[in-house]
Amino acid sequence: MPAKRLLYFTSSQVSAFTWNAGTLIEDAVFGNGEEALPEFGKYVAGAPHALYYLLVDIVEEDFHQESIPYVRGGDRRTLLQRKLSQRYRDLSLALTVSLGYESGPRREENILFTSFTNTQQLQPWLAMLNSQKARVVGVYSPPLLAPALAKRIGFAQKRFLLVSRQQAGMRQCFVDNGQIRFSRLGHIEGENMAQRAQAVAAETSRLQQYLTNMRMLARDSGALDVIVIFADEALAEFKAACVNTPQINYNVIGIGDACKRAGLKAAPENLLAERLFLHILAVSQPSQQFADDGHRRYFNLWRARVASFATGAAIFTFCVLLAALRLLDYYNVQQQAGIDQRQERRLNDQYTRLQAQFQKTPTSTENLKALVKNYIALEKQTVSLDKMFVELSKALAAVPQIELERIEWQIGTDLKRAADGAKAAKAPPTPAAPAAAKSDEIPIFEVVQLSGRVNAAQASDFRNITLLVNQFVAALRARPGVEVTSTQLPFDLTAEKSISGDIGAARATEVPRFTVVFNKRVGT
Amino acid sequence: MKIAREDYKHLRLPLAAAALLIAMGVTCLAVSETWLMDARKARDTAKNSNAQAQKRLDQVSEEEREIKENMLWYARMASRGMVEQENRLDLIDSIAKIKTARKLFEIRYNIESQRPLGYPGLTPAGAMDLVGSRMKLDMQLLHEEDLLRFLSDLGAAALSHVSVRRCTLDRIERGQSLAAVPRLSTSCELDLVAVKQVKSS
């Protein structure tokens with residue numbers, strides 16, 4: 001973390017301090033004139049990486065409250081900028097503080113406009129800081145730090161008046177709802193502490209009256225809490241002088257006690273209450289400050305650099321942490337895999353030992369298994385012609401007039417193709433469909449096409465011929481598993497075809513012929 | 001916070017450093033993620049292999065029983081002469097012997113080259129598989145019993161497994177003659193099935 005340098009501006013001098021872990025060290029004191037600037041430049045150049053906080057404690061500080069219409073975004077910024085430019089000459093050290101919205105239909109926003117009415121005394125110092133590329137964090141004034149100071153010393157009220165004595169004089173800061181509303185810097189008249197305490201009490205009472213008259217303080221709002229921070233040695237006088245009234249409730253705190261509460265460990269003895277403001281500025285600087293981006297150029301640049309690098313480092317760290325977790329997982333997973341691999345090797349060795357005791361096979365066990373499976377399928381498809389001849393003989397025995405001339409037998413899976421193949425004697429044998437070959441449950445059929453003739457009947461004795469062929473077919477069908485798929489008579493008796501014959505003529509030499517196709521599933 | 005345009009050049013180094021750090025971090029993460037994924041895959045593979053090895057060991061007695069059973073089938077194939085290399089001279093001799101013994105008429109045959117058996121339900125077995133030689137047979141028969149006996153004798157000759165695929169029998173008109181002349185002609189296709197070491201495709 002870079003060093004923190006605090007510059008305390010008053011109308012008479014500029015004091016430079018280094019803050020380190022709650023300790024305030026005075027580095028240098030410069031006269032508030034241009035002749036001190038070169039020396040100041042050398043001081044700044046001595047610590048090019050330090051962060052500079054400017055605390056300006058001068059009389060020429062203006063506070064102006066105004067209500068603006070309810071506008072947002074760019075319009076609001078433009079409006080505030082215009083209002084500032086109407087009120088102040090130098091906008092580089094001007095500030096607007098939102099004090100909230102008024103209740104009501106118009107919802108106007110209360111804005112506190114504040115700046116230094118004479119910035120000429122500050123600009124040379126800021127220019128020197130800029131020329132030395134100093135990282136100016138901001139320009140602050142005690143009123144901006146008053147809410148944080150009160151909180152730091154344990155004062156939780158949202159509305160109070162903080163009275164303190166600095167080298168610049170007596171500072172009175174009125175804070176309402178946690179925001180600075182008004183402040184003034186004045187002198188304390190009096191030759192001794194008692195008189196000064198009386199003067200502080202009188203000034204406080206007058207300011208309370210002023211705030212009430214200016215309607216910054218409601219008349220029925222109860223007693224105003226006043227925090228009075230003064231030297232420890234004058235604590236008794238201040239407690240005696242600051243007597244509570246219905247309008248004012250005093251809280252008198254010695255500077256030593258306040259420093260202790262705020263966490264300031266050590267500070268130069270010559271410092272008054274400004275030590276508290278400087279300490280607060282070092283530990284918890286408020287977001288509101290006077291300097292514009294021009295004055296804070298090198299601080300913003302430094303912040304951007306730090307943010308860039310920090311972002312990269314954060315993402316890198318995050319990724320590395322995730323990667324480390326994954327590597328941890330990787331290690332565990334590898335351990336598990338190693339256990340499994342060792343276990344597998346052990347099981348394989350055990351299996352190999354047992355397998356060595358198996359009966360020797362002519363080929364691998366898987367190949368043998370598949371070969372046997374194929375052989376069993378082959379045996380199921382190996383059919384003897386004997387059975388078919390037996391079926392035919394029994395059917396022919398029932399109809400002795402039938403005489404077979406041709407028997408076409410084949411084995412196959414596709415009945416239609418098999419039947420067609422039986423009809424065309426020269427057709428190739430029925431191959432097994434490649435897809436069908438994959439299934440064990442493909443039905444295999446014996447397909448038989450018979451061609452025969454009918455003896456002892458005239459060719460034109462349609463009724464008798466039909467009867468005999470039907471008797472033969474019926475006898476075939478009676479055989480278990482036999483399915484007759486087609487029968488073709490020597491004539492067509494349907495009305496769509498012509499038919500001719502001779503009745504009463506002598507027996508003709510022509511013998512009527514027929515065709516029957518039947519099949520039987522193998523295994524039935 | 002506003003950064004002046006001319007100050008952007010001062011941010012090049014930190015931005016580059018940030019980009020480098022981010023790239024390094026992401027690379028570390030990606031590499032570790034890849035390693036982890038690979039390790040998980042290897043672990044899953046090892047786990048599956050382990051489970052399979054355990055399963056195989058659990059089924060070792062069943063496997064032994066199966067091998068014994070398959071070897072019985074293999075012995076059956078061997079007893080049918082299927083395991084021996086096809087000897088066509090012996091086959092032709094057998095046909096001639098059957099013809100003589102059964103007093104058969106003319107037998108004409110044609111045996112094609114051995115090829116994989118394309119029967120339904122058969123799947124490629126591997127290094128050792130069934131192959132078949134398609135045999136076309138034309139015979140003159142006194143009656144159908146001659147065909148049945150011939151096929152039975154051919155199968156019993158134990159040279160291979162005989163699978164008849166197609167047969168056609170035609171009556172030959174001889175009138176009322178009682179002479180011992182062929183009354184039937186037959187044309188058959190049958191496969192002589194054997195076991196052979198096949199080349200892996």
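Pick out, from the stretch A:352-455, the helices (runs of 4 or more DSSP H) lying fully within it that include 1 or more residues that are at pLDDT 85 or above and at the interface with chain B (Cβ under 8 Å from one of its Cβ atoms).
Where helices (runs of 4 or more DSSP H) fall fully within the stretch A:352-455 and carry at least 1 residues being at pLDDT 85 or above and at the interface with chain B (Cβ under 8 Å from one of its Cβ atoms), they are A:365-381, A:385-398.
Check off (1) among the hydroxyl-bearing types (S, T, Y); (2) in contact (Cβ under 8 Å) with a residue 12 or more places away in the chain; (3) touching a Phe, Trp or Tyr at 6+ places or on another chain (Cβ under 9 Å) for A:Y298 and give me the number that stays unchecked.
All conditions are met except number (3).
Contact list please: Cβ distance under 9 Å, first residue in the stretch B:5-20 and under 16 Å from A:F299 (Cα atoms) and within 8 Å of chain A (Cβ to nearest Cβ), second residue in a helix (DSSP H, G or I) and among the hydroxyl-bearing types (S, T, Y), pairs at least six apart or on different chains.
Every condition considered, the pairs that remain are B:D7/A:Y298; B:L11/A:S308; B:P14/A:S308.
Find the helices (runs of 4 or more DSSP H) located wholly in the stretch A:223-287 whose residues include 3 or more that are in contact (Cβ under 8 Å) with a residue 60 or more places away in the chain, and list them.
Passing ranges, in order: A:255-262, A:274-283.
Looking at the stretch B:104-118 only, could you name the residues that are within 12 Å of chain A (Cβ to nearest Cβ) and in contact with a strand residue (DSSP E or B) (Cβ under 8 Å, 6 or more places away or on another chain)?
Across the stretch B:104-118, the qualifying residues are B:E112, B:R115, B:P116, B:L117.
So how many residues does the stretch A:487-499 have that are at pLDDT 85 or above and among the acidic types (D, E)?
Looking only at that region, the number is 0.
Which residues, taken from the stretch A:108-141, are hydroxyl-bearing (S, T, Y) and assigned to a helix (DSSP H, G or I)?
Answer for the stretch A:108-141, where residues must be hydroxyl-bearing (S, T, Y) and assigned to a helix (DSSP H, G or I): just A:S131.
Of the residues A:R72, A:R76, A:R89, only one is under 30 Å from A:R159 (Cβ atoms) and either modelled with pLDDT under 90 or in contact with a Lys or Arg (Cβ under 6 Å, 6 or more places away or on another chain) (or both); which?
Exactly one of A:R72, A:R76, A:R89 is under 30 Å from A:R159 (Cβ atoms) and either modelled with pLDDT under 90 or in contact with a Lys or Arg (Cβ under 6 Å, 6 or more places away or on another chain) (or both), namely A:R72.
Identify the residue in the stretch B:125-144 that is farther than 20 Å from A:I444 by Cβ and part of a loop (DSSP other than H, G, I, E, B) and, among all such residues, is farthest from the other protein chains (Cβ to nearest Cβ).
Among them, the one singled out is B:L142.
A:R206: part of a strand (DSSP E or B) and more than 48 Å from the chain's Cα centre (by Cα), yes or no?
no
Can we say A:E66 is surrounded by 13 or more Cβ atoms within 10 Å (Cβ to Cβ) and either farther than 24 Å from A:R303 by Cβ or of a type in the set (S, T, N, Q) (or both)?
Considered against the rule, which asks whether it is surrounded by 13 or more Cβ atoms within 10 Å (Cβ to Cβ) and either farther than 24 Å from A:R303 by Cβ or of a type in the set (S, T, N, Q) (or both), A:E66 comes out as yes.
Considering the stretch A:201-222 alone, what residues qualify as being without any contact (Cβ under 8 Å) to a residue 60 or more places away in the chain and either more than 21 Å from A:E189 (Cβ to Cβ) or not assigned by TED's automatic domain parsing to the domain that holds A:L276 (or both)?
Within the stretch A:201-222, A:L211, A:T212, A:N213, A:M214, A:R215, A:L217, A:A218, A:R219, A:D220, A:G222 meet the criteria.
Just to be sure I understand, how many residues within the stretch B:145-172 are facing chain A (nearest Cβ under 9 Å), surrounded by fewer than 21 Cβ atoms within 10 Å (Cβ to Cβ) and either of a type in the set (F, W, Y) or more than 30 Å from A:N374 (Cβ to Cβ) (or both)?
The qualifying residues number 3.
Pick from A:R165, A:R152, A:R171, A:R135: which is over 26 Å from A:R196 (Cβ atoms) and of a type outside the set (S, T, N, Q)?
Of the residues listed, the single one that is over 26 Å from A:R196 (Cβ atoms) and of a type outside the set (S, T, N, Q) is A:R135.
Out of B:I98, B:I111, B:I92, I need the residue that is among the aliphatic types (A, V, I, L, M), assigned to a strand (DSSP E or B) and either at pLDDT 90 or above or assigned by TED's automatic domain parsing to the domain that holds B:L169 (or both). Which one?
Of the residues listed, the single one that is among the aliphatic types (A, V, I, L, M), assigned to a strand (DSSP E or B) and either at pLDDT 90 or above or assigned by TED's automatic domain parsing to the domain that holds B:L169 (or both) is B:I111.
If only one of A:V469, A:V484, A:V517 is at pLDDT 85 or above, closer than 30 Å to A:A377 by Cα and touching a Phe, Trp or Tyr at 6+ places or on another chain (Cβ under 6 Å), which one is it?
Going through A:V469, A:V484, A:V517 in turn, just one is at pLDDT 85 or above, closer than 30 Å to A:A377 by Cα and touching a Phe, Trp or Tyr at 6+ places or on another chain (Cβ under 6 Å): A:V484.
Filter the stretch A:330-343 down to the residues that are surrounded by 16 or more Cβ atoms within 10 Å (Cβ to Cβ) and either touching a Ser or Thr at 6+ places or on another chain (Cβ under 9 Å) or more than 8 Å from chain B (Cβ to nearest Cβ) (or both) and list them by number.
A:Y330, A:A337, A:D340, A:Q341 - these are the residues of the stretch A:330-343 that are surrounded by 16 or more Cβ atoms within 10 Å (Cβ to Cβ) and either touching a Ser or Thr at 6+ places or on another chain (Cβ under 9 Å) or more than 8 Å from chain B (Cβ to nearest Cβ) (or both).
Of the residues that sit in the stretch A:86-107 and are of a type outside the set (S, T, Y) and in a loop (DSSP other than H, G, I, E, B), which one is surrounded by the most Cβ atoms within 10 Å (Cβ to Cβ)?
That would be A:D90.
Does B:S49 satisfy the condition of being surrounded by fewer than 13 Cβ atoms within 10 Å (Cβ to Cβ), of a type in the set (S, T, N, Q) and either farther than 30 Å from A:S287 by Cβ or without any contact (Cβ under 8 Å) to a residue 12 or more places away in the chain (or both)?
No, not satisfied.
The values are calculated or read from the model by the stated rules, or taken from the named source; none is laboratory data. Here the structure is a predicted model, which is why all the values come from computation and not from measurement. As a convention, Cβ positions derive from the backbone with ideal geometry for all residues, glycine included, and neighbour counts pool all protein chains shown.
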